[in-house]
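Just below is one structure, and these are the notes that go with it.
The values are calculated or read from the model by the stated rules, or taken from the named source; none is laboratory data. None of the values given here were measured: they were computed from a predicted structure. Because the Cβ atoms are built from the backbone with ideal geometry, glycine has one as well, and the counts that use them run over all protein chains shown. Calculation scope for accessible area: heavy atoms of the full protein, side chains included, ligands and nucleic acids excluded. Shrake-Rupley method; radii C 1.70, N 1.55, O 1.52, S 1.80 Å.
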Amino acid sequence: MTTPHTIAVLGLGRMGSAIATRLAAQDRDVVGWTRSGRTAGTVKTTDDPNEAVAQADLVLLALFDGPACRQVLDDVRDSLRTDTIVLNTSTIAPAEATRLARLLGPAYVHAPLLGSVPAATTGTLQILAAADQNTLDRVRPVLETLGTVRHVADASTAAALKLIANNSLAGAVLALRDSLRQADVLGLPRTQTLDVLELGQLGALVARKRPFLLGEPTAAPAEFTIGALAKDMALLAAASDTPLRGATGLPDTPAALESDIAVAATAPAVEDAVLEPLRAYIRGHATGDPTHFRDAFLPTAHIEGIRDGAFVSWHLDEYCTLFRGRPAPDEPTRTRRIDAIDVHGTVATATMTLRHGADTFTDIFLLVLADGRWRIANKAYHRHD
């Protein structure tokens, strides 16, 4: 069994550069290539990927997505030696990983990485490695230079586990965003809020990303970008055919996709203009005055749900006849809250919970921006006894 010594790193982005530099510092013979022409510190680079691959015992891919992996491998396929191993650290879809494993056979190792640039630099990555046992034994010393190896059954499983890990990161970013938005509404100082959040479950993320969260100028480059995380969440949603709560909104963050993921947590709350029709709707219930509903809804709106065991679909005029211009007798004990709202350009969806006496309603709204003003286009509801 011969451990690869000459390594071609194809892809010199943030992670690829860190990996190449780490391997070179451990006395590996490393040559790098990237489509952008980017260099990686003191690592040797070439403009021709075939030149790098022809000399390599190991070809390490650190590319953005599955199509990039397939394209680069197609370009260098004829330059691969019969004994060369292809080690793919890229985050791609499970189906894409399976296709590459079938294409390259025992020479392929799918090894997505848990951790970012600092972990690659210090050799503390967690590596999900799927490969033929003999192949994995050959590349293990190289992988252990980068971090801890966790053997996974197959390429598809390794790719899926990486997407699940990144989903948890997206959830943490969104949880942090919600906390910061609520703190802003309550008038809490950002620094004090971060001090307290650092004591809790989000503490590690807050500690690492504090300069980004405070909007301070920083020379530190993005370790993991909004665009890369959004790409991974799209892959996960497609692979699982299951919606991801809120994560698809990451690309709508008012910041460059090349910004660090922490910047997504600082996105401002939804504008008041989007909330105003929902607030008018609340006022309608609170006062019993249908004028507020006519203000909240488009004239063409429908309100639909199950009432007394039967499906109903009311026009706005029909819905307004349910209200007599005065509050309900138990109005002081009733509560209403806006649970969630997601804005996508000129459309938005919102969910609200209304507790009216013995009944609780879940209202789902579709809103549109029409004639420069947000209005409710339709509402569907569920009544909980």
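Note on residue 85: accessible area is roughly 0 Å² with a 1.4 Å probe, heavy atoms of protein only. Here the calculated FRET efficiency for residue 356 and residue 195, from their Cβ-Cβ distance with R0 = 35 Å, stands at 0.30, rounded to the nearest 0.05. If R0 is 25 Å, the Cβ-Cβ spacing of residue 153 and residue 5 corresponds to a FRET efficiency of close to 0.30. Close amide-amide hydrogen proximity is noted between residue 267 and no other residue 5 or more places distant or on a separate chain, at a cut-off under 5 Å (H modeled in the peptide plane; Pro and chain starts excluded).
What separates the Cα centres of segment 309-366 and segment 46-97 is a distance of 55 Å. Modelled spin labels at residue 347 and residue 257, positioned 7 Å past Cα toward Cβ, are 2.1 nm from each other. Per residue, the average separation of C-alpha pairs within less than 8 Å and at least 6 apart gives the chain a relative contact order of 10 percent.
For the chain, the longest principal axis of the alpha carbon atoms and the long axis of helix 133-146 meet at an angle near 80°.
Highest-first packing order for the peptide set 276-287, 54-65, 361-372, 189-200 is 54-65, 276-287, 361-372, 189-200, based on the mean count of other beta carbon atoms within 10 Å. Ligands, DNA and RNA left out, the accessible area of the chain computed with a 1.4 Å probe is 53% carbon and sulfur.
With both labels modelled 7 Å from their Cα along Cα-to-Cβ, the residue 47 to residue 98 distance reads 4.1 nm. Taking all protein chains into account, the per residue accessible area for the chain stands at 48 Å² (1.4 Å probe).
Straightening the chain between residue 242 and residue 185 buys 17.3 nm, computed as 0.36 nm per residue apart minus the Cα-Cα spacing. Remark: accessible surface ordering of 317, 295 (largest first) is 317, 295, probe radius 1.4 Å. Contact order for segment 181-324, expressed relative to its length and based on alpha carbon pairs under 8 Å spaced 6+ residues apart, stands at 16 percent. Residues within the reach of a label modelled at residue 279 (point 7 angstrom out along Cα to beta-carbon, backbone nitrogen below 14 Å), restricted to segment 313-343, are 338. Given +1 at the Cβ of Lys and Arg, -1 at the Cβ of Asp and Glu and no other charges, the dipole of segment 94-181 around its Cα centre is 180 debye to the nearest 20. Here the Karplus relation 6.51 cos²θ - 1.76 cosθ + 1.60, evaluated at θ = phi - 60°, turns the backbone of segment 180-196 into coupling constants of 5, 5, 5, 5, 5, 4, 7, x, 7, x, 4, 4, 5, 4, 5, 4, 6 Hz, with x for every Gly and Pro. Here's the picture: charge each Lys and Arg Cβ at +1 and each Asp and Glu Cβ at -1 in segment 303-385, and of 343, 365, 329 the one pushed furthest to the positive end of that dipole is 329. Projected label points at residue 322 and residue 132, each 7 Å from Cα along the beta carbon direction, are separated by 6.6 nanometres.
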